[in-house]
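Just so you know, all these numbers are worked out from the coordinates, no wet-lab data involved. Here the structure is a predicted model, which is why all the values come from computation and not from measurement. When we count neighbours, we look across all protein chains shown, and the Cβ atoms used for this are built from the backbone with ideal geometry, even at glycine.
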Amino acid sequence: MSVLPPEVVEQSERQWAFVVAGVLGIVFALIIYMSVHWAAQPPSNVETIDASTLHLAGEFIEENLGTAVQPDGSVIVRVIAQQYSFVPACMVVPADTPVVFRVTSPDVVHGFLIMGTNVNTMVVPGFIAQVRTRFANAGEHLMPCQEYCSVGHEGMWAHVKVMDRQEFARSYAGQPRASCAR
Ligand code: CUA
């Protein structure tokens, strides 16, 4: 067995250290670019809930699901992600208004992704995923489940309908809730 001279080993180690430092630098630069330019950040909300009693009591009972209009005009949208659907399957929200999504799962991990936006979070049973956002324009967004959740995963998706702010206010004036089916 041949033994390399120490200077050769040292030089090679130094070169690899530069390569690793370079890779780390690129990764950090990507993280900074994505968080600043795309507003992509890790979810920070940690709230737990009993996944086995979601539909029986508390915040996520059926009549609480969907869009709830707050006194200040902002909305909170509560959603259950379950094998293999979102409840409700269509959500309506106003444009140019603060929107909070609160999502949880009674069974397995699902993904909550609103296409064309930076809303993207995991939905883990036992936890409430919360996302704050604001839609700039009216329009429809597809909302596919983006965590593999078993055989029906591909058919699990919903819609988010963003309405013009004034139109939303007219349509749901005086109502505490807003839903797609009117
Ligand atoms: Cu739910 Cu994939």
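Using the basic label-point model (7 angstrom from Cα toward the beta carbon), what is the residue 140 to residue 89 distance in nanometres?
1.3 nm
What's the longest uninterrupted piece of the chain once you rule out the GluC sites (Glu not before Pro) that are loop residues per DSSP with at most 15 other Cβ within 10 Å?
On the way: sites that count: 47, 59.
Between the exposed loop sites, the longest stretch runs 60-182.
Could you pull out every residue, at least 5 positions away or on a different chain, whose amide H is within less than 5 Å of the one on residue 147? Hs are placed 1.01 Å off N in the peptide plane, and Pro or chain starts have none.
111
Note the per residue figure in Å³ for the convex hull of the C-alpha positions in the chain. Mind dumping the intermediate values first?
Values: hull volume 32.7 nm³, N = 182.
Convex hull volume per residue, Cα atoms: 180 Å³.
Give me the dipole magnitude in Debye, nearest 20, for the chain about the Cα centre, with unit charges on the beta carbon: positive for Lys and Arg, negative for Asp and Glu. Please list the in-between numbers first.
Details: 10 positive and 16 negative charges, 121 e Å.
The calculation lands at about 580 debye.
Roughly how big is segment 72-162's charge dipole about its Cα centre, with Cβ charges of +1 (Lys, Arg) and -1 (Asp, Glu), in debye to the nearest 20? Present the calculation step by step, with values, prior to reporting the outcome.
Values: 5 positive and 6 negative charges, 39 e Å.
Using only the charged Cβ atoms, the result is roughly 180 debye.
What per residue convex hull volume, in Å³, comes out for segment 39-88 when only alpha-carbon positions are used? Working shown, then result.
On the way: hull volume 6.9 nm³, N = 50.
Spelled out: Cα convex hull of segment 39-88, divided by residues, is 139 Å³.
Just to be sure I follow: if Rg is taken over the C-alpha atoms of segment 1-93 and Rh is the Kirkwood radius over the same atoms, what is Rg/Rh? Provide the component values of the computation, followed by the final result.
Working: Rg = 26.0 Å, Rh = 19.0 Å.
Radius of gyration relative to Kirkwood radius: 1.37.
Let me have the relative contact order for the chain, percent, based on Cα pairs under 8 Å that are six or more residues apart.
Numbers: 333 pairs, mean separation 38.9, N = 182.
Computed value for the chain: 21 percent relative contact order.
For the chain, what is the mean residue ellipticity at 222 nm derived from helices alone (per DSSP H run of n ≥ 4: -39500 (n - 2.57); sum divided by total residues; nearest 500 deg cm²/dmol)? Don't skip to the end; give the middle numbers.
Values: 2 runs with 39 residues, N = 182.
So the helix-based figure for the chain works out to -7500 deg cm²/dmol.
Can you compute 3J(HN,Hα) from phi for each residue in segment 98-110, using the Karplus curve 6.51 cos²θ - 1.76 cosθ + 1.60 with θ = phi - 60°, rounded to whole Hz and x for Gly and Pro?
x, 10, 10, 9, 10, 10, 8, 10, x, 10, 10, 6, 10
Ignoring the sites themselves, what is the longest stretch of the chain with no chymotrypsin sites (Phe, Trp or Tyr not before Pro) in a DSSP loop and at most 16 other beta-carbon atoms within 10 Å? It would help to have the intermediate numbers written out before the result.
Values: sites that count: 38, 148.
Between exposed loop sites, the widest span is 39-147.
Just name one of 40, 116, 23: the one whose Cα is farthest towards the positive end of the charge dipole of the chain (beta-carbon charges, Lys/Arg +1, Asp/Glu -1).
Most positive-ward Cα: 116.
Can you work out the Karplus-derived ³J(HN,Hα) for every residue in segment 168-178? Use 6.51 cos²θ - 1.76 cosθ + 1.60 with θ = phi - 60°, whole Hz, and x for glycine or proline.
4, 4, 5, 5, 10, 3, x, 9, x, 10, 10
Among the DSSP beta bridges whose two residues both lie in the chain, what percent are antiparallel, rounded to the nearest 5? Don't skip to the end; give the middle numbers.
Values: 26 of 37 bridges.
Approximately 70 percent, going by the DSSP bridge assignments.
So which cysteines in the chain don't have a second cysteine's C-beta under 4.7 Å from them?
Those would be 145, 149, since no other cysteine Cβ in the chain comes under 4.7 Å of theirs.
State the Kirkwood hydrodynamic radius of segment 132-182 in Å, one decimal place, computed from all pairs of distinct Cα atoms. Intermediate values should be presented prior to the final figure.
Values: mean 1/r = 0.0757 Å⁻¹.
Across segment 132-182, the inverse of the average 1/r is 13.2 Å.
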